[in-house]
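A.B. asks: One structure, pasted below without further comment.
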Amino acid sequence: MTDTPWPGDAVSLVDAFRSGERSPVEELDATLAAIERSDINAFSHLDVEGARAAAADADVSRPFGGVPLGVKELDSVTGWPATEASLTLRHEIADHDSTKVARLRAAGAIPMGLTTASEFGGINLTSTKLNGSTKNPWNPAHTPGGSSGGSAAAVAGGLVTLATGGDGGGSIRIPAGFTGLPGLKATYGRIPKGPNMIMASLTAVSGCLSRSVRDIARYFDHTNGFDHRDPYSLPRVEGWEAGLGNLRDELRGKKAVIAIDLGSAAVDAEVAAAVETAARALAADAGLELVDVPVHTPELSYEWALAGLSEIVMILADRYPDCADDLTLEIGFGMKIAHDVYDIQARARIEAQRVRMNETMAAIFDEVDFVLASTNPDVAFGCDGPLPTTVNGVNVGPGNNGALTIPSNIFGNPAMQIPVGTVRGLPVGLQVLGRHHQEQLLLELARIVEQERPWPLTAPGAPI
């Protein structure tokens, strides 16, 4: 009988199941016990009975056979709460599995609980009126970020090896960066949304929080591919995991620019120095040619936030404004803006700004294959918020917190968060932005860092 959850990655856990080193039932029981002991508040719902039945019948020959899976609170699992992390929707129940959840079930994973998220995925802080604040396992006074904060905390905190995530403005990369995990934001449409796919602002993509590059590759192997319930989803791409280690020669000579702040964000000086050192080391290891290309992405956090409001308005429907007091401060403010300010002229300004961002990003990738930047402007801030408004002692707007990640959501290109050490005892990350449909090259770059300068798979002392 094992007392603690598996300390390695999901791939090695499957290997342990197959060798008989441990069983899916033992792993699930250890996971549930660790969650019960934990005070990081990473889960909002547990399906103990359903998970135990699945573990007892697990087929470990499958790619994720027997692996306990945390499911982000904004995803759907049949019969589980469908709250969108909002107190207003606390009684809603899902009547279907999200496409990626169904595909992960088919790959043998065992959905066992919902991981906490920010309300409607609106900000990079996982603290809601429904669930309270989720804590960073590196330091519980700090946030794991958001919106996939519970998934990141659960994986980095040693509770599960794998959890689903989503990234509409940095919601995989930001929490992965805050908790020392790798995280891939894929090309738009790589993993289908749906059923009941909401188009909204066409920025959000699906993915995962995991401990290793090969876990990410295996995850995409079994979740990517077109589904007609998402007409914007991309054709299936094979060989993500099998291709790892086979693309290093292809990287040599490719052009990269180091632009720590993307020309628009304010980045903490210590974080910037650590990320630049890591960027130069990766460029040398991979044989990239560093070039000097101007990088000045527009700051569009306000426009990004406005563009996503239609989805929240649709979901809340006639509950608003009666439910206003149940909403978090940020979502409440957004709904007020949506009803009092948003109009066709605002929409026109948003579209003009998106065109500007797309042209800016396209011009950069006319010149280079990769952009090496910081993932976050600073290390993780307080777990209860508010969003930081100063960096290096200088006042900045709250939009600075997503200024490094939002550009790739608007442009739709892939970007990879890679752990590169700590500053003031908290993780920092290098973000590599790539061209559309080139995710596997980003995984290869992350694998080089993983091999040359391995990161800890979990936070010190995890599970806590």
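A.B. asks: Output the helices (runs of 4 or more DSSP H) that fall wholly within the stretch 301-416 and possess 3 or more residues being among the β-branched types (Val, Ile, Thr) and out of contact with any His (no Cβ under 7 Å at 6 or more places or on another chain), or say none.
C.D. replies: The helices (runs of 4 or more DSSP H) meeting that bar are 309-316, 344-367.
A.B. asks: Hey, residue 440 hits all of (1) open to solvent by less than 10 Å² (accessible area, probe 1.4 Å); (2) part of a helix (DSSP H, G or I) but one; which does it fall short on?
C.D. replies: Of (1) open to solvent by less than 10 Å² (accessible area, probe 1.4 Å); (2) part of a helix (DSSP H, G or I), only one is false for residue 440: (1).
A.B. asks: Now a separate question. Determine which single condition residue 329 fails, assuming it passes every other condition in (1) touching a Ser or Thr at 6+ places or on another chain (Cβ under 6 Å); (2) surrounded by fewer than 16 Cβ atoms within 10 Å (Cβ to Cβ).
C.D. replies: (1)
A.B. asks: Hey, another quick one. Quick one: count up the residues across the stretch 199-233 that are open to solvent by less than 10 Å² (accessible area, probe 1.4 Å) and basic (Lys, Arg).
C.D. replies: Number of matching residues: 1.
A.B. asks: Of all residues in the stretch 448-464, how many are outside any loop (DSSP other than H, G, I, E, B) and either modelled with pLDDT under 95 or in contact with a Ser or Thr (Cβ under 9 Å, 6 or more places away or on another chain) (or both)? Even if it seems obvious, please write down each step before you answer.
C.D. replies: Taking the stretch 448-464 first, the residues outside any loop (DSSP other than H, G, I, E, B) are 448-452.
Keeping just the survivors that are either modelled with pLDDT under 95 or in contact with a Ser or Thr (Cβ under 9 Å, 6 or more places away or on another chain) (or both) gives 450.
Final tally of qualifying residues: 1.
A.B. asks: Suppose the filter is crowded, with 20+ Cβ neighbours inside 10 Å and either farther than 30 Å from residue 317 by Cβ or not hydrophobic (A, V, I, L, M, F, W, C) (or both); does residue 99 pass it? Spell out how you get there, then give the answer.
C.D. replies: Details: crowded, with 20+ Cβ neighbours inside 10 Å: yes; either farther than 30 Å from residue 317 by Cβ or not hydrophobic (A, V, I, L, M, F, W, C) (or both): yes.
Considered against the rule, which asks whether it is crowded, with 20+ Cβ neighbours inside 10 Å and either farther than 30 Å from residue 317 by Cβ or not hydrophobic (A, V, I, L, M, F, W, C) (or both), residue 99 comes out as yes.
A.B. asks: Follow-up question, since we're still on this one. Checking residue 288 against (1) open to solvent by less than 40 Å² (accessible area, probe 1.4 Å); (2) within 28 Å of residue 197 (Cβ to Cβ), only one condition comes out false. Which one?
C.D. replies: (2)
A.B. asks: With 275, 293 as the choices, which residue is surrounded by 15 or more Cβ atoms within 10 Å (Cβ to Cβ) and in a loop (DSSP other than H, G, I, E, B)? Reasoning before the result, please.
C.D. replies: Working: 275 fails: in a loop (DSSP other than H, G, I, E, B).
Going through 275, 293 in turn, the sole match is 293.
A.B. asks: Taking the criterion of being open to solvent by 30 Å² or more (accessible area, probe 1.4 Å), over 24 Å from residue 117 (Cα atoms) and among the small types (Gly, Ala, Ser), would at least one residue in the stretch 4-18 satisfy it? Show your work before the answer.
C.D. replies: Filtering the stretch 4-18 for residues open to solvent by 30 Å² or more (accessible area, probe 1.4 Å) gives 4, 6-7, 15, 18.
Those still in the list that are over 24 Å from residue 117 (Cα atoms) too: 4, 15, 18.
Still in the list and also among the small types (Gly, Ala, Ser): none.
No.
A.B. asks: The conditions are (1) buried (at least 19 other Cβ atoms within 10 Å of the Cβ); (2) within 24 Å of residue 432 (Cβ to Cβ); (3) at pLDDT 95 or above, and residue 354 fails exactly one of them. Which is it?
C.D. replies: Result: residue 354 fails condition (3) only.
A.B. asks: I need the full set of residues from the stretch 368-398 which are open to solvent by 20 Å² or more (accessible area, probe 1.4 Å) and out of contact with any strand residue (DSSP E or B) (no Cβ under 7 Å at 6 or more places or on another chain), in order please.
C.D. replies: Within the stretch 368-398, 386, 387, 388, 390, 392, 393, 394, 395, 397, 398 meet the criteria.
A.B. asks: Which residues, taken from the stretch 147-175, are open to solvent by less than 10 Å² (accessible area, probe 1.4 Å), in contact with an Asp or Glu (Cβ under 8 Å, 6 or more places away or on another chain) and in a strand (DSSP E or B)?
C.D. replies: 162, 164
A.B. asks: Over 10 Å from the mean Cα position of the chain (by Cα), among the hydroxyl-bearing types (Ser, Thr, Tyr) and under 24 Å from residue 67 (Cβ atoms): which single residue out of 164, 179, 143 fits that description? Working first, answer last.
C.D. replies: Values: 164 fails: over 10 Å from the mean Cα position of the chain (by Cα); 143 fails: under 24 Å from residue 67 (Cβ atoms).
Every option except 179 fails the conditions.
The values are calculated or read from the model by the stated rules, or taken from the named source; none is laboratory data. Quick caveat, the model's predicted, so the values are computed rather than measured. Please note: Cβ atoms are built from the backbone with ideal geometry, for glycine as well, and neighbour counts cover all protein chains shown. Heads up: the accessible areas ignore ligands, DNA and RNA and are worked out on the full protein's heavy atoms, side chains in. Shrake-Rupley method; radii C 1.70, N 1.55, O 1.52, S 1.80 Å.
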